[in-house]
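Encoded as structure tokens, the structure appears first; notes follow it.
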Amino acid sequence: MAIIEARALTKIIDTGTHRVEILRGVDFEVPAGQFVAIMGASGSGKSTLLGLLAGLDTPTSGSIVVDGTDITGLSEDKLAVVRGRKIGFVFQSYQLIPTLTAEENVLLPHELSGGNIAAGTAKARELLDSVGLSDRMDHYPVQLSGGEQQRVALARAFMVKPPILMADEPTGNLDSVNGGHVLELLIALNRREGTTLVLVTHDRSLTERADRIVTLRDGKIIADEIREPAGAARP
Amino acid sequence: MNLSLRTAARIAWRETRSSMVKFLFVVLAVAAGVGALSGVRGFSESFHGMLTAEARTVMAGDLLARQFVMPSAQQTAALDALAARGVDYTWVTETVSMAASKSNDGTPVLAALKVVDPSKYPYYGEMKLNPPMPLASALTPDTAVAGDDLLMRLNAKVGDTVRVGEKDLHIVATIAQEPDRMSASLNIGLRLMMSREAFASTGLMQIGSRAAERYLFKLEPNAPPVDEVRRSIRRALPEAMVTDFRQSHPIITEGLDQATTYLSLISLIALIVGAIGVGMAMHAHLQQKMDHIAVMKSLGATSKEIIRIYTIQTLMLGVMGGLAGVAVGRGVEEVFPLLIKKYFSLNATMGWHVTAAVQGIGIGVLTTLLFTLPPLLAIRKIRPALILRRDMPEAKLSWKRRLTDARSALAAGGAILIGIGAIAAWLAGSARVGGYFAGGLTTSLIALACVAWLLLRLVRSFLEGTRWRIPSLMRQGLANLYRQGNQAQAILVALGLGVMFTLTVYMVQDSLVAQIIETAPPDAPNVFLVGVTQAQVGALKELIAHQQGVLGAPTFVPRVASRLVSVNGEVPVGPRFRYAGNVMWEGEKPDYVRVVEGAWWNSSALQKGAAPVVSVGVETAKRLKIHPGDTIEMEASGKRFQARVVALHEWEQRRFMPTSSFVFNPPGLADLPVSFDGGVRVEPSLVAAFQRAAFEKFPTVTVVNIADALQIAQQVVDQIALVIRFLSGFAILAGAIILAASIAGTRFRRVREVVILKTLGGTKRHIVRIFSVEFLTLGVVAGLMGGILATLFSGIVLRRLLNAQFQFDPKAALSAIVLTALLANASGWLASFRILRQKPLEVLREE
């Protein structure tokens, strides 16, 4: 059962002076629980595809269904609701709110969804603990290293227990050691919670743990390699 | 919406707390506006109170009823009934009679008698006597007090006896200060003041005797409102002319009305300028927060929820700024009385007006919210995809889509204008003022937006198409104006509005103060010469020209004693419709006369033998039901003559010379007995010497010294002028600060730009030149546009709202352009100079 279905997706930007075709008809399905890596060179459209799947942007044509909800024609506010409930997102540049502490950053999605603050705070602390940052809860992003910031971002992404986790070059700004740690955490959390993980990267080494690698070039899927069937037992 | 108010407030507070330094400017901008508003309004209320106290002093009461007949028993009973409701009254009789000194054989003179009840009179102000003593002690059944001028004419002194009618009165003091001198009914001639008992024993008050009865009323705390009391007095005394303290003296009334309207306007302007600053600051703040807002949207926050958070933040800032502003306003209220005391030896008592403070905070918050609406609504347009691709090309939307998107912006704009208009109307107490204000703001916004758009297009076209060799740094500076992400259009509009309002304050106050000073000009006559014959005019002018202490040439006004016989052949019935007094002539229409209806005569009416034509004062015309085209018949010294009414007029400027409700062409009053009243300004300390010199050569001419009475009016006018200047300066300063900060708020955008330029080899000198071109261009254009709009707006405000003259001041407009350019450059660099020291990698690493 596909948790993400994309049909004939296109994304064209008309600036008035020229036309940019970022995606040119992408068909794409992700079964629940799968770890998919989307690869491609810079300008291939991979981040745009991820953004469309996450409801961060709207396609020019085509359709997208996320966990049974057709998000194609939804208004911005309805998309926000879908994002808040179904999608956890990890960005390349962490995108933490600099004026909030680590704990407050993790708590934010819970607050936005109207959850109970006391319960949320406990959960946020638990998540920070699980990423090894229990002693940094009151630190502001500027007081954390890149790796630590990305771990906070990870904890935040899991706060509302979303069925889908999307990551855009999550280790792109990190050194190999920190990058490795973050990837391990991503995968560990993914396995533990059973979430579907869609990860965009240009780094082949990150794809070795993926169940499936989708390669884009010039806005089209040129390769779709299943490494291991979805749901197969893992060591 | 999932986000509760409480959670939104918590998020808003978290963000504010961590950015307090950045928000300081926003708070200060609101504080400046609210401070000006609450300070001006609070001060205006106190000042208004002071001036109305002065006005009451000039009237010596709260209300005044004046008639020329004794009250009937019924009328007295009606007044007593009013007294029982808290409206105390006293009665002043003014008449003329001969008075002679019993101590020498001097000629009797015609004295102006004033009869008062010293236990009540005056209700306000103080009677100062020389030697000092309470009025109640000075006015007994056998004693009186006299003006210096009367004693001089009688060749008498304090301690002498003066015979009036059948009574000998012992003069115990001279009058040094008389509060209601300018409210006197009859000619302010040689004064003799006595008690009612003393007057009764003179035997002068017979049936048919001509005396002016002036009733002074004082409102006790439990009394009904002024307007209701006024109506009751009118019913009790239908023949009387009733006025209240608000109309005690034209100088004070006019000055007060204009000052109050103006001060309300400038306080609103100060607030608008403050709010513009807030709007710009919030706009800059939200621009910086775009990434955060995109992140929150990607985490599931809807636009409405995010708008709620930032609206709460805006409210918090508005309240903080409002409270700070009230404190500033309080400071203004504390400082100013010290100034007044220093310059005017007056004890100005100011109270802290809670209502003004609360109003100030309320309006400050409301205006802040209104001006923050556009950037708040723009939150809806922030796309979450922004954080994936900062430099994703912007799709060009269809015009339909753009119109749909613009709907909310237009709605926000409409809400702001309606809101500002409503606040202006409320502050000024006039829907007309609110309408003009909102209209002026709308027009300015549209004009500025159009100019900004046109300028940017022109600059772009010029740079792209010109064959001239423009230095690259200048080219880059100009190109910065129209490149994507620059807020040049918004800055131009905000700056232009700020300049417009600030310059309007300056231009209006300059014209207004000049006009107000005109109402009691420093060279106004303070000595009147009454009863000058035609034969004496020349010789008197000669004496004045050689007299020590005379400050300026004298003015002489012709007076012909006459009465109105009929209007269009019908004899007026009832005392209200009678007129008997002095009429005068004028040649060409004087500058100080404004024709309200009809038209002044031309030069043919000045020719010898021309038919009599007349212009009638508009109030008298209303009372006597006279219109242009009517024919009136007058009688003067037994001779009857007719004149056609050609115009109705009002006196535009306050004249210190006698005026008349009936002004004829010179041939109209030819061959009639005429006397002249003159006025001259004399150094106050030399007035007595002038009086003696004049009396010696012209014993029949009455010389009246009103220097002390004029002093009050002069002081009031000077106070008003000072208040206006002080508070205008305050508003102008606030405006300058806020303009500076608007430019400064753009510094965040420049950080990245500076860093990239440095990376590519740009030196500090290069960078300074590039940005200076940008700042100076913005400043010059904003100054120019603001100057043009200020000139238009000032003209409208002065002519339509303040009934004052407007004179264009090119120096002020030019200075505005230069100063704005310099200010824009200075403030831009003051805020940005630290950026020059920023290491490129520090910034780039964060990307």
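The values are calculated or read from the model by the stated rules, or taken from the named source; none is laboratory data. Quick caveat, the model's predicted, so the values are computed rather than measured. Neighbour counts are summed over all protein chains in view; Cβ atoms, including those assigned to glycine, are modelled from backbone coordinates with ideal geometry. When the accessible area is computed, the model is the full protein with side chains, heavy atoms only, and any ligands, DNA or RNA have been set aside. Shrake-Rupley method; radii C 1.70, N 1.55, O 1.52, S 1.80 Å.
Some points to look at:
- Residue by residue along A:156-168, Cβ atoms of other protein chains within 10 Å of the local Cβ number 1 on average.
- Start at zero, step by 5 Å, and the Cα-Cα distances of region B:53-108 spread as 4, 13, 16, 17, 14, 10, 9, 9, 6, 2, 0 percent across the bins.
- Applying the Karplus relation 6.51 cos²θ - 1.76 cosθ + 1.60 with θ = phi - 60° to region A:172-184 yields 3J(HN,Hα) values of x, 9, 10, 6, 5, 5, 5, x, x, 4, 5, 5, 4 Hz, where x marks Gly and Pro.
- To the nearest 10, the accessible area of B:Val116 is 0 Å² with a 1.4 Å probe.
- Packing here is the average count of other Cβ atoms within 10 Å per residue, and on that basis the peptides A:52-64, A:87-99, highest first, run A:87-99, A:52-64.
- Phi-based couplings in Hz for region B:608-616 (Karplus 6.51, -1.76, 1.60; Gly and Pro marked x): 4, x, 5, 5, x, 10, 9, 10, 10
- At R0 = 56 Å, FRET efficiency that the Cβ-Cβ distance of A:Asp77 and B:Gln74 yields, to 0.05: 0.15
- Residue-averaged beta-carbon neighbours from other chains (10 angstrom radius) around B:301-308: 4
- Two-decimal Rg to Rh for region B:427-502 - Kirkwood Rh, Cα set: 1.18
- Accessible-area order (highest first, 1.4 angstrom probe) of the listed residues B:Trp829, B:Trp468, B:Trp91: B:Trp468, B:Trp91, B:Trp829
- Relative contact order (percent, whole number), chain A, Cα cutoff 8 Å, 6+ residue spacing: 28
- When nucleic acids and ligands are ignored and a 1.4 Å probe is applied, A:Lys220 ends up with an accessible area of around 100 Å².
- B:Arg231 paired with A:Ala122, simple spin-label distance in nm, labels 7 Å along Cα-to-beta-carbon: 7.1
- Ranking by accessible area, most exposed first, for B:Tyr506, B:Tyr89, B:Tyr310 with a 1.4 Å probe: B:Tyr506, B:Tyr89, B:Tyr310
- For B:Glu126, residues with placed amide H under 5 Å, excluding near neighbours: none
- Annotation: the antiparallel percentage among DSSP beta bridges lying fully within chain A is about 55.
- Mean silhouette area of region A:21-124, derived from the convex hull of its C-alpha atoms and averaged over all directions, reads 8.3 nm².
- Pair-distance distribution of region A:1-82: all C-alpha pairs, bin width 10 Å, starting at 0; shares per bin in whole percent are 18, 50, 28, 4, 0.
- Expressed in units of 2.2 N^0.38 Å, where N is the residue count, the Cα radius of gyration of region A:87-235 is 1.07.
- The coefficient of translational diffusion for region B:544-651, derived via Stokes-Einstein from the alpha carbon Kirkwood radius under 20 °C and 1.002 mPa s, stands at 139 µm²/s.
- For B:Glu597, distant residues with modelled amide H under 5 Å away: B:Leu648
- Three-way shape label, region A:130-177, alpha-carbon gyration tensor, a/c 1.5: oblate
- Percent breakdown of C-alpha pair distances by 10 Å bin, ordered from the shortest bin, for region B:98-178: 19, 54, 25, 2
- Take the Cβ atoms of B:Met133 and B:Glu166, set R0 to 25 Å, and the FRET efficiency comes out at 0.40.
- Rg/Rh (Cα only; Kirkwood hydrodynamic radius) as it applies to region A:13-57: 1.03
- In this structure, B:Lys400 and A:Thr17 have a Cβ-Cβ separation that, at R0 = 22 Å, corresponds to a calculated FRET efficiency of about 0.60.
- Solvent-accessible surface (1.4 angstrom probe) belonging to B:Arg559, in square angstrom, nearest 10: 30
- Put simply, the amide H of B:Thr533, placed in the peptide plane, has neighbours under 5 Å in B:Phe676, leaving out anything fewer than 5 places away on its chain.
- Ranking B:Ser19, B:Ser675 from most to least accessible surface, computed with a 1.4 Å probe over the protein chains only, gives B:Ser675, B:Ser19.
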